[in-house]
1. Go through segment 145-169 and give me each residue that's part of a loop (DSSP other than H, G, I, E, B) and either open to solvent by less than 20 Å² (accessible area, probe 1.4 Å) or without any contact (Cβ under 8 Å) to a residue 24 or more places away in the chain (or both).
2. Does residue 264 fit the bill of being outside any loop (DSSP other than H, G, I, E, B) and loosely packed, with under 15 Cβ neighbours inside 10 Å?
3. Starting from residues that are in a loop (DSSP other than H, G, I, E, B), more than 20 Å from residue 264 (Cα to Cα) and modelled with pLDDT of 95 or more, keep the ones in segment 305-335 and report whichever is farthest from the chain's Cα centre (by Cα).
4. Touching a residue at least 40 places away in the same chain (Cβ under 8 Å), surrounded by 17 or more Cβ atoms within 10 Å (Cβ to Cβ) and not assigned by the TED database to the domain that holds residue 154: does that describe residue 283?
5. Mind listing whichever residues of segment 81-96 are of a type outside the set (D, E, K, R) and under 16 Å from residue 195 (Cα atoms)?
6. Quick one: how many residues across segment 304-333 are acidic (Asp, Glu) and under 30 Å from residue 374 (Cβ atoms)?
7. Out of everything in segment 286-303 that is out of contact with any Pro (no Cβ under 7 Å at 6 or more places or on another chain) and under 26 Å from residue 374 (Cβ atoms), what residue ends up being surrounded by the fewest Cβ atoms within 10 Å (Cβ to Cβ)?
8. Condition first: assigned by the TED database to the domain that holds residue 29, open to solvent by 60 Å² or more (accessible area, probe 1.4 Å) and in contact with a strand residue (DSSP E or B) (Cβ under 8 Å, 6 or more places away or on another chain). Can you find one or more residues in segment 197-217 that meet it?
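The values are calculated or read from the model by the stated rules, or taken from the named source; none is laboratory data. None of these values were measured; they are calculated from a predicted model. We place every Cβ from the backbone using ideal geometry, glycine too, and count neighbours over all the protein chains shown. Ligands, DNA and RNA are stripped out before the accessible areas are found, and what is left, the full protein with its side chains, is counted by its heavy atoms. Shrake-Rupley method; radii C 1.70, N 1.55, O 1.52, S 1.80 Å.
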Amino acid sequence: MPTADYPIERRTLTNGLRVVVSPDPGSGVVGVCVHVDVGFRSEPVGRTGFAHLFEHLMFQGSESLPKLEHFRVVQSSGGVFNGSTHTDYTDYFEVVPAAALERALFLEADRLRAPKITAENLANQVDVVSEEIRLNVLNRPYGGFPWITLPPILFDSFANAHNGYGDFVDLQSATVQDCAEFFQTYYTPANTVLTVCGDVDPENALELIDRHFGDITGRPRPERPDFGEPWPTSRREGEIIDAHAPAPALAVGWRLPDPVADLPGYLAHLVLGSVLSDGESGRLQSTVVAERGLATEIWAGPGLLGGPLDARDPDVFVLGAVHPPEISADAVLQAADEQIARLAADGPDAGEMQRASARFASGHFRENDSIMNRTQSLGVFELLHGRAELLAELPRMVAEVTADDVRSAAATLDPDRCAVLRVVPGGAR
């Protein structure tokens, strides 16, 4: 199995900020990424969508910079930037020419020190986020399917089941005081990982990081609640009407092993997803789609939002399909269950294991060849697993998954202990 050399320099500043520096001499650019350990799952009751709303507010000016100045500085330097909110974290990142490293560090430190949270900015961003929801969820075929619509069936607790994009009433109810408390609680250096990756000298980068981030006031790291809940003991079912969907769809969700406490068990499910649905030779692709024509599209694998290894426990293995109206969802489910049962009985063959391992490695290396993606990946693994080194180790770990591991993983996809969501096109009723 080919490997990659992603060197890691690690330091923790006196205020608690964890720092990862990964040099890539000759790349010509540098990525800077701030991961804050708060996402949808930590939102309080009555404030759905708040983590994403707060991400927007972090772009509305800071202690030393007026509104939109962050955008102007990055873009005038020849860089790109963005942010995103996930189940368990929120990230902010930019990639700039290597000579602009200190500029990027200043920008991130300035807003981590004191974002400009005003009533005007809050009102503006509530409108922006609300419009984003209308475009991406309410007025789009399969909007929010299944990452918003499946969790309420699979989970019981508010933390795991609620809509992370947010309810309009909750978004409109957000106050400046809510924002101040959220920032004070979660946006502390001790709850944050800063990653710098690219054409940098590690010692120089660490010196610049200490200069710009070292004087940010330290506050205690918030205690993370236990979001665990029991696995379902029965089959749970739900249905939604989608006015824009051109064809019926379904999603099935099963609970996964804890990706932090049982990473090998989780990776067996990752390989299982590949054997089931990756490429034309995937078992679901070749039988359910190609041979029997029961579905036009089918996929399977770990992760509801952001793909595999993007969240802590509890995480979800999802099987999704879009199928013709004349085919029942039960027919698709039965055909998929048959393939899973065969894997649970006999396991995958050597060729399937080899293809799954090779696909993962090629996709992993291709994706992380980009400095932007590599910076984000290193930060995610440091935040969620405390090991940025996992980025280099994963291809080997996936290659070490055995056929028996995959057989055991398939056996956990019990059709009587899962959540089934059916999407009915609005025109069908």
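1. From segment 145-169, those part of a loop (DSSP other than H, G, I, E, B) are 145-150, 155-157, 162-167; that's our starting set.
Passing the criteria: 146, 148, 150, 155, 164, 166.
2. Working: outside any loop (DSSP other than H, G, I, E, B): yes; loosely packed, with under 15 Cβ neighbours inside 10 Å: yes.
Criteria met by residue 264.
3. In the first step, residues of segment 305-335 are kept if they are in a loop (DSSP other than H, G, I, E, B); the result is 305-315, 323-328.
Still in the list and also more than 20 Å from residue 264 (Cα to Cα): 305, 323-328.
Still in the running and modelled with pLDDT of 95 or more: 323-328.
Numbers: 323: 26, 324: 30, 325: 32, 326: 34, 327: 32, 328: 31 Å.
Residue satisfying both the conditions and the ranking: 326.
4. Values: touching a residue at least 40 places away in the same chain (Cβ under 8 Å): yes; surrounded by 17 or more Cβ atoms within 10 Å (Cβ to Cβ): yes; not assigned by the TED database to the domain that holds residue 154: yes.
So residue 283 passes the test.
5. First, the residues of segment 81-96 that are of a type outside the set (D, E, K, R): 81-87, 89-90, 92-93, 95-96.
If the condition is that a residue be of a type outside the set (D, E, K, R) and under 16 Å from residue 195 (Cα atoms), then 81, 82, 83, 84, 89, 90, 92, 93, 95, 96 are the ones that fit.
6. Taking segment 304-333 and keeping what is acidic (Asp, Glu), we get 310, 313, 315, 326, 330.
Narrowing further to those that are under 30 Å from residue 374 (Cβ atoms): 310, 313, 315.
Counting residues in segment 304-333 that are acidic (Asp, Glu) and under 30 Å from residue 374 (Cβ atoms) gives 3.
7. Applying the first criterion (out of contact with any Pro (no Cβ under 7 Å at 6 or more places or on another chain)) to segment 286-303 yields 286-295, 297-300, 303.
Within this subset, residues satisfying the condition of being under 26 Å from residue 374 (Cβ atoms) are 299, 303.
Numbers: 299: 18, 303: 21.
It comes out as 299.
8. Yes - at least one qualifying residue is present in segment 197-217.
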